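Heads up, the thing below is written out as structure tokens.
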Amino acid sequence: YIVGRSIGYGGFGITYIGWDTKLKRKVAIKEYMPSEFSTRMMHKSDLLIANNEKKQKQFEDGKVKFLREAEKLAQVGNVDGIVHVYDSFEENKTAYITMEYLEGETLSSYLKKVDKVSEQEAMTLMMPVLQALDTVHEKGIIHRDIAPDNIFLAKDSEGNIQVKLIDFGAAKFATTSHSKSLTVIIKPG
């Protein structure tokens, strides 16, 4: 993979635009990098992980969960309503997931542009999400962070909108076996 610029980040990781050199296509590459435990020096590839045995264990446990969730998501790659995961691997003392690169915008961004949506449009937007959740729940995968900023309105090759659930949030709960501070997330609204 060739890693490009960052296209998103949060307290638990960074997402980059990338290029799959074997399959010759754009991909999104998500890096496991919880800011509580790790950082990177400018122009260096390896992470610096907290010099504390407990935090190192939390980082490693989270990395295992991050990769396990990627494997589960790759098994449901045929589900239309979720982002398709292609690969996962460890490198640079951390882990990465490669997935389809989506062009479009989040539901959150869309809702800021329109005054409100009709009941019919809301149903059209939510049904693919609910159908995708039904399928992934059967596989034991829980999203953990369903919100307008994790629902993506992607344009397909014909210009049609496809609703996709993104960011399944495994990394956000990577430390729950060690810390109660992340067991509940409350978002404004």
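The values are calculated or read from the model by the stated rules, or taken from the named source; none is laboratory data. This structure is a prediction, so every number in the text was calculated from the model and none was measured. With ideal geometry, Cβ positions are generated from the backbone for all residues, glycine too; neighbour counts draw on all protein chains shown. Note: accessible area is taken over every heavy atom of the protein model, side chains too, but ligands, DNA and RNA are not part of it. Shrake-Rupley method; radii C 1.70, N 1.55, O 1.52, S 1.80 Å.
Considering only segment 38-59, I want to know if a residue exists there that is within 22 Å of Tyr101 (Cα to Cα), free of Cβ contacts under 8 Å to residues at least 60 places away in the same chain, hydroxyl-bearing (Ser, Thr, Tyr) and surrounded by 14 or more Cβ atoms within 10 Å (Cβ to Cβ).
The answer is no; no qualifying residue exists.
If Ser88 meets every condition in (1) in contact (Cβ under 8 Å) with a residue 24 or more places away in the chain; (2) under 20 Å from Ile142 (Cβ atoms) apart from one, which number is that one?
In the conditions (1) in contact (Cβ under 8 Å) with a residue 24 or more places away in the chain; (2) under 20 Å from Ile142 (Cβ atoms), Ser88 misses (1) alone.
Quick check, is Asp87 in contact with a helix residue (DSSP H, G or I) (Cβ under 8 Å, 6 or more places away or on another chain) and open to solvent by 20 Å² or more (accessible area, probe 1.4 Å)?
Values: in contact with a helix residue (DSSP H, G or I) (Cβ under 8 Å, 6 or more places away or on another chain): yes; open to solvent by 20 Å² or more (accessible area, probe 1.4 Å): yes.
Against the criterion (in contact with a helix residue (DSSP H, G or I) (Cβ under 8 Å, 6 or more places away or on another chain) and open to solvent by 20 Å² or more (accessible area, probe 1.4 Å)), Asp87 qualifies.
Considering only residues that are surrounded by 16 or more Cβ atoms within 10 Å (Cβ to Cβ) and without any contact (Cβ under 8 Å) to a residue 40 or more places away in the chain, which ones fall in segment 60-69?
If the condition is that a residue be surrounded by 16 or more Cβ atoms within 10 Å (Cβ to Cβ) and without any contact (Cβ under 8 Å) to a residue 40 or more places away in the chain, then Leu67 is the only one that fits.
Applying the selection to segment 8-24, what residues are charged (D, E, K, R) and surrounded by 11 or more Cβ atoms within 10 Å (Cβ to Cβ)?
Scanning segment 8-24 gives a single hit, Asp20.
Do we find that Asp80 is of a type in the set (D, E, K, R) and touching a residue at least 12 places away in the same chain (Cβ under 8 Å) in this structure?
For Asp80, the condition - of a type in the set (D, E, K, R) and touching a residue at least 12 places away in the same chain (Cβ under 8 Å) - is met.
Starting from segment 102-116, take each residue that is within 15 Å of Ile7 (Cα to Cα) and list its partners that are open to solvent by 100 Å² or more (accessible area, probe 1.4 Å), counting only C-beta distances under 7 angstrom and pairs at least six apart or across chains.
If the second residue must be open to solvent by 100 Å² or more (accessible area, probe 1.4 Å), the pairs left are Glu103/Lys155; Gly104/Lys155.
Would a scan of segment 90-108 turn up a residue that is open to solvent by 40 Å² or more (accessible area, probe 1.4 Å), out of contact with any helix residue (DSSP H, G or I) (no Cβ under 7 Å at 6 or more places or on another chain) and assigned to a helix (DSSP H, G or I)?
There is no residue in segment 90-108 that is open to solvent by 40 Å² or more (accessible area, probe 1.4 Å), out of contact with any helix residue (DSSP H, G or I) (no Cβ under 7 Å at 6 or more places or on another chain) and assigned to a helix (DSSP H, G or I).
How about segment 112-125: which of its residues are aliphatic (A, V, I, L, M) and surrounded by fewer than 16 Cβ atoms within 10 Å (Cβ to Cβ)?
Quick first cut of segment 112-125, residues aliphatic (A, V, I, L, M) only: 114, 117, 122-123, 125.
Result: Val114, Val117, Ala122, Met123.
Can you go through Tyr110, Tyr101, Tyr96 and tell me which one is aromatic (Phe, Trp, Tyr) and over 15 Å from the mean Cα position of the chain (by Cα)?
When all the criteria are applied, what remains is Tyr110.
Can you confirm whether Arg25 is out of contact with any Asp or Glu (no Cβ under 8 Å at 6 or more places or on another chain) and at pLDDT 95 or above?
Yes.
Hey, can you tell me all the residues within segment 134-158 that are open to solvent by less than 80 Å² (accessible area, probe 1.4 Å), touching a strand residue (DSSP E or B) at 6+ places or on another chain (Cβ under 7 Å) and not in a loop (DSSP other than H, G, I, E, B)?
Across segment 134-158, the qualifying residues are Val136, Pro148, Asp149, Asn150, Ile151, Phe152, Leu153, Ala154.
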